[in-house]
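Notes follow once the structure below has been shown.
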Amino acid sequence: MRIRKNQANLTHNERLAFTNALLELKRRPSRLPSSLGSTSRYDDYVYWHLMSMMDQTSTKPGSAHGGPAFLPWHRYFINQLELDLQQIDSTVTLPYWDWTVNNSTDPSVPGSPWTNDFMGGDGDPNQGYAVTTGPFTGDNWKLTLFDDHHSDEPQDIRLRRQFGTLKNSSGATILINLPTNSEVQNCLLETPYYVSPWRAFQDLNNPSSMTVTKPSFCNRLEGWYGDGRIHNQVHLWIAGATQGSMYWMSSPNDPVFFLHHANVDRLWAQWQVANPNEGYHPTGTGSEVGPTGHNLNDPMKPWGNSVTPNSVLNHHSLGYAYDTDSTPLSEILMHAFNTDITTEKKVSIGSFITREDLEKM
């Protein structure tokens, strides 16, 4: 069983192991056809995220955003990256970034993800807000895939960030904050999971109108309404007024994407435990039929027929848990072993747990 830890609690060596695995994934060849433009295994994830937007219409969400499959699609997506990292270093698991706590732009603040040995820091205004610190700079981290859905993304091969800023409707740069704990806790009180018409807002091709269809948990956590605008706000806070790398559909170009989405996934897992009678909607049966790819048993692109929202509802069945999970550890482990999920040897970074450990409890 893989245990995902808070990035603030990682040791220096654990941070290095994680970033080194990411750098190696960036060096390894793509497994996609060369005609698609991906040049590394890491970039395959950027490509998949880009393609998840391509089938969106004004009334139909794309594969992974603006609809009910937002959470299950990203749960599977980041899990696949974690498994790829483990092929490089079996001690590595995917950490999460709790931005309600570790919300300073200052890398010297304890628990900051923006250190030189981890995610690197803010962009340099004298370098077009390119990131110039940390491991994801220069030849180590050249961006090769960009957001063709929005043709105005700068074709800049450098990772770019401008923390805590945003351009308002008049074009002025303003300061913005990361979601707060109270905003997240209010979000976790929202039910049900999703409601008809099964999309975030009335016109998906005009998000600036922000005419939300109806309140629901997934829609609120994604950030289309409600205080904090949880998930979306974090993307905007990192990207900044200059619309850096996290602003675009190519946002996995910034490795912090995966720490952010691990935290979003962790919050969904908490909501699931707190609301055991609130299942996934739409079920895809009777009158509760949503867009293709968003119903309970619909295949999720690009992975094939066996990967559905239903297949990822229990994150423990995918072989991982969070260090904040309320389910007793022994129950998690028994579920893992009963579903034939193999475990690695016990190591410090990911807190792997083996059958032998369980028998000692």
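The values are calculated or read from the model by the stated rules, or taken from the named source; none is laboratory data. On a predicted model such as this, the values are computed, not experimentally measured, just so you know. Note that we place each Cβ from the backbone using ideal geometry, even for glycine, and neighbour counts take in every protein chain shown.
Exactly one condition in (1) in contact with a helix residue (DSSP H, G or I) (Cβ under 8 Å, 6 or more places away or on another chain); (2) assigned to a loop (DSSP other than H, G, I, E, B) is false for ASP84; which is it?
It is condition (2) that ASP84 fails.
Only one of these conditions is not met by ASP139: (1) in contact with a helix residue (DSSP H, G or I) (Cβ under 6 Å, 6 or more places away or on another chain); (2) not in a loop (DSSP other than H, G, I, E, B). Which number is it?
Unmet condition: (1).
Exactly one condition in (1) modelled with pLDDT under 95; (2) among the β-branched types (Val, Ile, Thr); (3) surrounded by 22 or more Cβ atoms within 10 Å (Cβ to Cβ) is false for THR93; which is it?
Exception for THR93: condition (1).
Could you look through segment 243-296, keep only residues that are over 11 Å from the mean Cα position of the chain (by Cα) and of a type in the set (Ser, Thr, Tyr), and pick out the one that is nearest to HIS315 (Cα to Cα)?
Looking at residues that are over 11 Å from the mean Cα position of the chain (by Cα) and of a type in the set (Ser, Thr, Tyr), I get TYR280.
Take GLY111 and tell me if it is crowded, with 19+ Cβ neighbours inside 10 Å and of a type in the set (Gly, Ala, Ser). I'd like the intermediate steps shown before the answer.
Numbers: crowded, with 19+ Cβ neighbours inside 10 Å: no; of a type in the set (Gly, Ala, Ser): yes.
When the stated conditions are applied, GLY111 does not pass them.
Does segment 157-175 hold any residues that are in a loop (DSSP other than H, G, I, E, B) and buried (at least 16 other Cβ atoms within 10 Å of the Cβ), and which are they? Steps first, answer last, please.
From segment 157-175, those in a loop (DSSP other than H, G, I, E, B) are 157-159, 161-164, 168-172; that's our starting set.
Matches in segment 157-175: ARG158, LEU159, ARG161, GLN162, PHE163, GLY164.
I need the full set of residues from segment 142-152 which are surrounded by 14 or more Cβ atoms within 10 Å (Cβ to Cβ) and either free of Cβ contacts under 8 Å to residues at least 40 places away in the same chain or not in a loop (DSSP other than H, G, I, E, B) (or both), in order please.
Passing the criteria: only LYS142.
Being assigned to a helix (DSSP H, G or I), under 20 Å from the mean Cα position of the chain (by Cα) and β-branched (Val, Ile, Thr): is that true of THR93 here?
Details: assigned to a helix (DSSP H, G or I): no; under 20 Å from the mean Cα position of the chain (by Cα): yes; β-branched (Val, Ile, Thr): yes.
Against the criterion (assigned to a helix (DSSP H, G or I), under 20 Å from the mean Cα position of the chain (by Cα) and β-branched (Val, Ile, Thr)), THR93 does not qualify.
Examine segment 98-107 for a residue that is surrounded by fewer than 20 Cβ atoms within 10 Å (Cβ to Cβ), within 26 Å of SER38 (Cα to Cα) and free of Cβ contacts under 8 Å to residues at least 24 places away in the same chain, and state whether such a residue exists.
No, because not a single residue in segment 98-107 is surrounded by fewer than 20 Cβ atoms within 10 Å (Cβ to Cβ), within 26 Å of SER38 (Cα to Cα) and free of Cβ contacts under 8 Å to residues at least 24 places away in the same chain.
Among residues belonging to segment 19-36 that are of a type in the set (Ser, Thr, Tyr) and surrounded by 15 or more Cβ atoms within 10 Å (Cβ to Cβ), point out the one that is farthest from ASN140 (Cα to Cα).
First, pick out the residues of segment 19-36 that are of a type in the set (Ser, Thr, Tyr): 19, 30, 34-35.
If we keep only those that are surrounded by 15 or more Cβ atoms within 10 Å (Cβ to Cβ) as well, we get 19, 30.
Working: THR19: 11, SER30: 16 Å.
Top of the filtered list is SER30.
Restricting to segment 141-156, name every residue that is over 17 Å from MET249 (Cβ atoms) and either hydrophobic (A, V, I, L, M, F, W, C) or modelled with pLDDT under 95 (or both).
Filtering segment 141-156 down to residues over 17 Å from MET249 (Cβ atoms) leaves 141-142.
Matches in segment 141-156: TRP141 only.
Considering each residue of segment 41-73, count those that are among the hydroxyl-bearing types (Ser, Thr, Tyr), closer than 13 Å to LYS301 by Cα and out of contact with any Lys or Arg (no Cβ under 6 Å at 6 or more places or on another chain), and give that number. Reasoning before the result, please.
Within segment 41-73, the first condition is being among the hydroxyl-bearing types (Ser, Thr, Tyr), and the residues that meet it are 42, 45, 47, 52, 57-59, 63.
Okay, now just the ones that are also closer than 13 Å to LYS301 by Cα, so 45, 47, 52, 63.
Next cut, out of contact with any Lys or Arg (no Cβ under 6 Å at 6 or more places or on another chain) only: 45, 47, 52.
Total meeting the criteria: 3.
Residue by residue, here is whether (1) surrounded by fewer than 24 Cβ atoms within 10 Å (Cβ to Cβ); (2) free of Cβ contacts under 8 Å to residues at least 60 places away in the same chain; (3) among the small types (Gly, Ala, Ser) holds:
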residue	(1), (2), (3)
ARG41	yes, yes, no
TYR45	yes, no, no
MET53	yes, no, no
THR59	yes, no, no
TRP73	no, no, no
ASN79	yes, no, no
ASP84	yes, yes, no
GLN87	yes, yes, no
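Filter segment 4-60 for residues that are of a type in the set (D, E, K, R) and part of a helix (DSSP H, G or I); which is farthest from the chain's Cα centre (by Cα)? Walk me through it before giving the result.
Applying the first criterion (of a type in the set (D, E, K, R)) to segment 4-60 yields 4-5, 14-15, 24, 26-28, 31, 41, 43-44, 55, 60.
Next, only the ones that are part of a helix (DSSP H, G or I) stay: 14-15, 24, 26-27, 41, 43-44.
On the way: GLU14: 20, ARG15: 18, GLU24: 20, LYS26: 18, ARG27: 22, ARG41: 17, ASP43: 15, ASP44: 15 Å.
Among residues in segment 4-60 that are of a type in the set (D, E, K, R) and part of a helix (DSSP H, G or I), the one farthest from the chain's Cα centre (by Cα) is ARG27.
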